[in-house]
Structures are given as C-alpha cells and as structure tokens.
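**Student:** Structure incoming, see below.
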Amino acid sequence: QVQLVQSGGGLVQPGGSLRLSCAANGGAFSLYTLGWFRQTPGNQRDLQLVASVTSDGSTMYADSVKGRFTFARDNAKRTMYLDMNSLKPEDTAVYYCKAGRDGYAYWGQGTQVTVSS
C-alpha cells in the first residue's frame, strides 16, 4: 500500500510564502497523476482541486491560485511540492496531496495552512 506523507504548512502572514511537500513510500510514482486539494473552513464538505500534474507533465491550476502557486514533482525522490506565494487569507485551508494512476487512490494526511495577520 502506497502511503503519502505530507510536510510543511503552518501559519503565515498575508503576502507570505510556504512550501508543502508530499512524499510517497513506494509505488510507480512516475506514472501517477498527482494533485493538491484543499478543504476550506467555510466548505468542509468539498475538496477543491488546487493543482494537478499528469505523468507526462501537463499541469493545471485553479483560477484562484494561478500565478501564485507552483506545482512540482520529483520522480526520483517520489515527492511532489506545492510552492505557494502571495498567500491570501482565503487560502486558509487543510491541504491534501493525492496520487494515483486511474483516479486518486492515495491520500496524504492533510496539513493546515493558515494565512492571517
């Protein structure tokens, strides 16, 4: 069973930056589609797709984060990253990484990001 372990996150002031990491302990990582999702305080029933990258490198970003967030993957390290810049209070959420070949079969444990002065 593939496990995804997240790190990073925390409290940051508006306009600040954070990096989230998500490492897999095995599996065919290079073949996975990878995604970062978030669950905001005002919408705890739904997960918003923040960004995704396919195995061939095609990347997609939600409109709300375009130009501010960057998704990167390191297949050799089986790790994905989300670099978040110019953070806004509305970015406050629990962030989850996901991975899988046909759908997102594997989830990280979630990490809190709070943007507040």
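**Student:** Please compute the modelled spin-label separation between Lys77 and Ala28, points set 7 Å along Cα→Cβ, answer in nm with one decimal.
**Tutor:** Taking the simple label geometry, Ala28 and Lys77 are separated by 2.5 nm.
**Student:** If you don't mind, there's one more thing I want to ask. Whole angstrom only: what separates the Cα centroid of segment 7-43 from the Cα centroid of segment 90-117?
**Tutor:** Cα centroid of segment 7-43 versus Cα centroid of segment 90-117: 5 Å apart.
**Student:** For the chain, what does the accessible surface come to per residue with a 1.4 Å probe? Please give it in Å².
**Tutor:** Heavy-atom accessible area per residue stands at 51 Å².
**Student:** Rounding to the nearest 20 debye, state how big the charge dipole of the chain is about its Cα centre with +1 on each Lys and Arg Cβ and -1 on each Asp and Glu Cβ.
**Tutor:** That gives a dipole near 140 debye.
**Student:** What net charge is computed for the residues neighbouring Gly8, neighbours being all others with C-beta under 11 Å from the C-beta of Gly8, Lys and Arg scored +1, Asp and Glu -1?
**Tutor:** Within the 11 Å Cβ shell, the charges total 0.
**Student:** What list of ³J(HN,Hα) couplings, whole Hz, do you get for segment 47-63 from phi and the Karplus terms 6.51, -1.76, 1.60, once you set θ to phi - 60° and write x for glycine and proline?
**Tutor:** Rounded to whole hertz, the list is 9, 8, 6, 8, 7, 8, 9, 7, 5, 8, x, 6, 10, 10, 10, 5, 4.
**Student:** List the residues whose amide H sits under 5 Å from the amide H of Gly9, counting only those 5 or more places along or on another chain, with H placed 1.01 Å from N in the peptide plane.
**Tutor:** Answer set, sorted by chain and number: Arg19.
**Student:** Rounded to the nearest percent, how much of the accessible area of the chain (1.4 Å probe, protein heavy atoms only) is carbon and sulfur?
**Tutor:** 45 percent
**Student:** Moving on. Hey, in the GNM for the chain with a 10 angstrom Cα cutoff, which one of Ala23, Ala62, Ala76 fluctuates hardest?
**Tutor:** Sorting by GNM fluctuation, first place goes to Ala76.
**Student:** For the chain, set up a GNM with springs between Cα atoms under 10 Å and report which of Tyr104, Tyr61, Tyr95 has the largest fluctuation.
**Tutor:** In this elastic network of the chain, the residue with the biggest mean-square fluctuation among Tyr104, Tyr61, Tyr95 is Tyr104.
**Student:** Through the Karplus equation 6.51 cos²θ - 1.76 cosθ + 1.60, θ set to phi - 60°, convert the phi angles of segment 26-31 into ³J(HN,Hα) values in whole Hz; use x for Gly and Pro.
**Tutor:** x, x, 8, 3, 5, 8
**Student:** Under the Karplus relation 6.51 cos²θ - 1.76 cosθ + 1.60, θ = phi - 60°, what is the ordered set of whole-Hz ³J(HN,Hα) values for segment 37-44, x standing for Gly and Pro?
**Tutor:** So the J values, rounded to whole Hz, are 10, 9, 10, 8, x, x, 8, 7.
The values are calculated or read from the model by the stated rules, or taken from the named source; none is laboratory data. Treat the numbers as computed from the prediction; the structure is a model and nothing was measured. Because the Cβ atoms are built from the backbone with ideal geometry, glycine has one as well, and the counts that use them run over all protein chains shown. Surface areas here come from the heavy atoms of the whole protein model, side chains and all, with no ligands, DNA or RNA. Shrake-Rupley method; radii C 1.70, N 1.55, O 1.52, S 1.80 Å.
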